[in-house]
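Every number in this text was worked out from the coordinates using simple rules, so none of it is lab data. Just so it is clear, the model here is predicted, and its values are computed rather than measured. Counting neighbours? That spans all protein chains shown, and the Cβs are built from the backbone with ideal geometry, glycine included.
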Amino acid sequence: MAEMFYDDDADLSLIQNKKVAIIGYGSQGHAHALNLRDSGVQVVVGLREGSTSWNKAAEQGLEVAPIAQAVASADIVMILTPDQVQRHVYASEIAPNLKADAALFFAHGFNIRFGYISPDASHDICMVAPKGPGHTVRRQYEEGRGVPAIVAVENDASGSAWDLALSYAKAVGATRAGVVKTTFNEETETDLFGEQAVLCGGVSQLIQYGFETLVEAGYQPEIAYFEVCHELKLIVDLINEGGLAKQRWSCSDTAEYGDYVSGPRVITPDVKDHMKDVLADIQSGAFAKRFIDDQDAGAPEFLALRAKGESHPIEATGQALRKSFGWSSRDEDYTDGSAAR
Ligand code: NDP
Ligand code: MG
Ligand code: MG
């Protein structure tokens, strides 16, 4: 059984006696900075000068400084820039300014696991990875709740890295919900697999194929959107509350029977074989290399795939429908050009 930790297992005063530099003020960065601040922790946000995030952080009453300066003043440095730029920021701004005994924190193990960042042995290396988007991490904290997190220590230079990591997790609200102990390897490999095979990749492809199948058969795109996309949230909410069993209990017997007889016709055993191939590419570092090489070349493959996804007919149908109904006014969250993209 996984080891679990809650509020009573963590000592908030450890982190309250440290200064924390949050590098980046995007999805995770804003949530960590504000939650730590509201938990009584001294926070400085480190950003590029002229950064679009700078004013946002300053408007929230946070201390903001150039990255080098923020790092030089901090006992803990949490790196919350996008994964593909972390090693550049680390080499140019963080490593040269890091206090000898400062702790390095991450919210995802990518750069440590694949060797893109290799800190000196004098630093604690910890991970506090919330299992939810940054905006949820902030919203839940404000409501007195928390998003669960998984926590790991890669290097325990101080002898108290684990206690410090738990203290950080408490300050962002994670121990209110519960924290699970993991390793950088396990977090990185399972996180990449989950988002590629199921959460992002698998679900997106499933929705697009479902939409295409109905529209190509002559059904209205708006109806197809409701059936294969809109209702997904309602199903996922039930799964989140009570597992697949609650979803099957709540839907009609017709839907439940169709689930049993048709699900395995659509998601056949060879899908699992493909999942194993995806996992092997993650474990070997082949996926990481492909991603980083493309990013270093200006992201031609990434940008072409993004454009292809955005031009799929389901997007226009969905955007028009969401405007006509009351359930969603959150499109602006990602269309306003903010860092949370
Ligand atoms: P974002 O893309 O939201 O980060 C954007 C921030 O990074 C902005 O403040 C931006 O500043 C800054 N930034 C971007 N490029 C640079 C650069 N070259 N130099 C300096 N600063 C830069 O990141 P996320 O919050 O999505 O991800 C942060 C980490 O958290 C990652 O390790 C990710 O895997 C992990 N994570 C993310 C989750 C999420 O919900 N998104 C969930 C769990 C973990 P500027 O205004 O200057 O552009
Ligand atoms: Mg991820
Ligand atoms: Mg239906």
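Can you give the Rg to Rh ratio of the range 4-183, both from alpha-carbon atoms, with Rh computed by the Kirkwood formula? Please report the intermediate quantities before stating the final value.
Details: Rg = 14.5 Å, Rh = 15.7 Å.
Here the Rg-to-Rh quotient is 0.92.
Based on DSSP H assignment, which helices of the chain show an axial Cα extent of at least 18 Å together with a mean Kyte-Doolittle hydropathy greater than or equal to 0.5?
Helix filter hits for the chain: none.
Within the set of other residues whose C-beta is less than 14 Å from the C-beta of K18, count the net charge using Lys and Arg as +1 and Asp and Glu as -1.
Result for the neighbourhood of K18: -1.
So for the range 243-295, what percent of the C-alpha to C-alpha distances run longer than 19 Å?
Details: 750 of 1378 pairs.
Result for the distance tail: 54 percent.
Suppose we keep just the alpha-carbon trace of the chain; what are its Rg and Dmax in angstrom?
Using the Cα atoms of the chain, the pair Rg, Dmax is 21.7, 66 Å.
Defining a contact as two alpha carbons under 8 Å apart and six or more residues distant in sequence, what relative contact order in percent does the chain show?
16 percent
How big is the dipole moment of the chain about its Cα centre under a simple scheme where the beta carbon of each Lys and Arg is +1, that of each Asp and Glu is -1, and everything else is neutral? Debye, nearest 20, please.
The calculation lands at about 440 debye.
Roughly what would the spin-label model give for C200 and A68, points 7 Å off Cα along C-beta, in nm?
3.2 nm
In the calculated pair distance distribution of the range 192-335, what percentage of Cα-Cα distances lie above 27 Å?
35 percent
Charges at C-beta only: +1 for Lys and Arg, -1 for Asp and Glu. How large is the resulting dipole of the range 25-107 about its Cα centre, in Debye rounded to 20?
100 debye
If packing is taken as the average number of other Cβ atoms within 10 Å across a peptide's residues, how do 157-165, 232-240, 121-129 rank, most packed first? All intermediate terms of the calculation are to be shown ahead of the outcome.
Details: 157-165: 17.9, 232-240: 13.0, 121-129: 20.9.
Answer by packing, highest mean first, reads 121-129, 157-165, 232-240.
Within straight cross-link reach of K233, meaning Cα distance under 13 Å, which aspartates and glutamates are found once same-chain residues fewer than 8 apart are removed?
E241
Just how large is the dipole of the range 192-335 about the Cα centre, in debye to the nearest 20, putting +1 at every Lys and Arg Cβ and -1 at every Asp and Glu Cβ?
Details: 13 positive and 24 negative charges, 32 e Å.
I would put it at about 160 debye.
How far apart, in nm, are two points set 7 Å out from the Cα along the Cα-to-Cβ line at A316 and at S122?
Result for the modelled spin labels: 6.0 nm.
Add +1 for every Lys or Arg and -1 for every Asp or Glu among the other residues with Cβ under 10 Å from the Cβ of Y141, and state the total.
Counting the neighbours of Y141, the net charge comes to +1.
Given K131/K170; K99/K289; K131/K181; K18/K170; K19/K181, which pairs have Cα atoms separated by over 20 Å?
K99/K289; K19/K181
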